[in-house]
Structure formats: structure tokens, C-alpha cells
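Beneath this line is the structure, given in C-alpha cells, with notes to follow.
The values are calculated or read from the model by the stated rules, or taken from the named source; none is laboratory data. Quantities reported herein were computed from a predicted structural model and do not represent experimental measurements. Heads up, the Cβs are rebuilt from the backbone with ideal geometry, glycines too, and the neighbour counts pull from every protein chain shown. Accessible surface is based on the protein model in full, side chains and every heavy atom, while ligands, DNA and RNA are left aside. Shrake-Rupley method; radii C 1.70, N 1.55, O 1.52, S 1.80 Å.
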Amino acid sequence: MSSEPVRKALLVFADSLSYYGPQGGLPADDPRIWPNIVARQLDWDLELIGRIGWTSRDVWWAATQDPRAWAALPRAGAVIFATSGMDSLPSPLPTALRESIRYIRPPWLRRVIRDGYGWIQPRLSPVARPALPPKLSADYLEMTRGAIDFNRPGIPIVASLPSVHIADTYGNAHHGRPGTVSAITDWAARHDIPLVDLKAAVAEEILAGRGNPDGIHWNFTAHEAVAELMLKALAEVGVPHEKSCD
């Protein structure tokens, strides 16, 4: 049997902000996205588990149902919850109904309904509730933290606060952010979990229009800024790094 030590991995649960760049989605091994920048500084592997539109509820499902997460957890040196952005975005329809549009048949009806929702969303977003109520965001993060801690007691965990956007598709509305920030901050304080404020990292780039044209996703300067804050948060929970960000 090999006596070589098991190489550590950074286990990241994320929405599309973590793997989209200024022109669209990127492969999980793209060196320019923040999860890879962080893993590179730690000299660890990366296990990035995510999907566009994921909320903290999806992180719970992924952590407990995705066999990739099960495989990565035993060798994970730390876990990062890189969601809450979608949680706080306005959703004119309940999330379950909105996500079920993709399953509607026949295809022509699905296209009609999808186009109709695309027309309604920016108009109703200023008065719509967030996709996930703040209390539920915190509850799902706690369920996930508890499940991970049960299997890997004491493993370092870092979470994040929502980003900002200037997206016409959401009517430039983000009134759900303060409540989500408050709920996650309270949860994190109870468990001594460091938080990375994505707004602090990316707002300068996003609000100046230097991100993705969709007004939501980031450019690579923002990814580098997020990586820097993630490394600082990991250091708070005992995960040092010796390299400086490239």
C-alpha cells in the first residue's frame, strides 16, 4: 500500500458567481476563477460543486445527496459555502414554480411561459420577495454545517454574504439583501464561522459596469479580490497560506 499522504482538497459549494467570468460560464478547472486561485495558494486540489441559480437550500441537497461531496469530504482541508447571492435576489414566483418551467411540455408551451416570465421578472422584481426567505437561508446553512461537522468534526468552514448586481433582468432590485445579510451574520456568529462579504470584494467592479454584461457575474479582477478575502477568512480558522495571490 502507498504511504504517500493524501492530498488535501478545498471543497466549495457555489452558485454561478464562482465559475462565471466576464463572458460566461467557465470549466471548474479554469485558473482565473477564485476557487482555483485559492486552492492554488493553498497547494490543494479543488472540488467545486455548484450550479447556476443555486441557493443555500441547494447546498444542503448537494452536501447530503451528491456522491462527489461524499468523496471529497474525507480529504477536505476546509469547506466554503459560496452561496446566498441567489437567496437574496427577488423572485416574482415561488422558487419551486420558477424552476419547474424547464419541465413544462410541450416545448412550444415551455418557450411561451419562459418568455412570459422573462417579461414579468424585471417588472415585478422591485416588489417581489427574495428567492429564499432569510431565515431559511440560515436554517439550511446550519443543517449543512451540522451534517458536515458530524462527519468531519471541527473541519474549517467559511461562508459568504451576498454580492451586488446591476442586472436589468431583476429590475436592478436587491431589497432582499439586508435581510439575508442579517440572518447569515447572526448564524455565523453563533458558530464562529468567518464570513466573506462578496459585496466588499466585487462592488467596485460590478457597479462600475466592468463585470459580465448581464450585470450579475464578475470579471477576473473581482475573482482575484474574492480569492484574497477567502484566503484571509480561511486563515482565521487555521488554514494558513504561504503564497501571495498571482
Euclidean distance between Cα centres, the stretch 29-87 to the stretch 151-178, Å: 14
Per residue of the chain, what 222 nm ellipticity follows from adding -39500 (n - 2.57) for every DSSP H run with n ≥ 4, rounded to the nearest 500? -13500 deg cm²/dmol
Pairing the Cα long axis of helix 198-207 with the longest principal axis of the chain, what angle in degrees results, from 0 to 90 and rounded to the nearest 10? 50
For the stretch 106-122, Karplus couplings with θ = phi - 60° (6.51, -1.76, 1.60), whole Hz, Gly/Pro x: x, x, 5, 5, 4, 5, 4, 5, 4, 5, x, 5, x, 6, 6, 3, x
Can you list residues whose amide H is under 5 Å from residue 219's amide H, if they're 5+ apart or on another chain and H is modeled 1.01 Å from N? 212
Expressed as cubic angstrom per residue, what is the convex hull volume of the alpha carbon set of the stretch 87-137? 60
Taking all pairs of distinct Cα atoms, average 1/r, flip it, and tell me the Kirkwood hydrodynamic radius of the stretch 140-246 in Å to one decimal place. 15.3
With +1 assigned to the C-beta of every Lys and Arg and -1 to the C-beta of every Asp and Glu, and no other charges, what is the dipole magnitude of the chain about the Cα centre in debye, to the nearest 20? 880
Over all alpha-carbon pairs in the stretch 8-103, figure out the percentage whose distance exceeds 24 Å. 24
Would you mind calculating the gained length between residue 150 and residue 30 on full extension (0.36 nm times residue separation, minus the Cα-Cα distance), in nm to one decimal? 40.0 nm
Accessible surface, per residue, of the chain when the full set of protein chains is kept, probe 1.4 Å, Å²: 49
Sorted by chain and then number, the residues having a modelled amide H within less than 5 Å of the amide H of residue 28, at least 5 places away or on another chain, are none
Given the options 40, 210, 102, which has the most mean-square fluctuation in a GNM of the chain, springs set between C-alpha atoms less than 10 angstrom apart? 102
Need the list of aspartates and glutamates near residue 232 for cross-linking: C-alpha distance under 18 angstrom, and skip anything on the same chain fewer than eight residues off. 43, 192, 197, 224, 242, 246
Quick one: if you stick a label point 7 Å off each Cα along the C-beta vector at residue 123 and residue 102, how many nm between them? 2.6
In whole Hz, the Karplus estimates of ³J(HN,Hα) for the stretch 217-231 (6.51, -1.76, 1.60; θ = phi - 60°; x where Gly or Pro) are 7, 9, 8, 6, 4, 5, 4, 5, 5, 5, 4, 4, 5, 5, 5
Taking only the alpha-carbon positions of the chain and ignoring solvent, what does the Debye formula give for the base-10 log of I(q)/I(0) at q = 0.13 Å⁻¹? -0.79
Tell me the carbon and sulfur percent of the accessible area for the chain, rounded to whole percent, probe radius 1.4 Å. 56
Taking H placed 1.01 Å from N in the peptide plane, check which residues at least 5 places from residue 76 or on another chain put their amide H under 5 Å from its amide H. 9
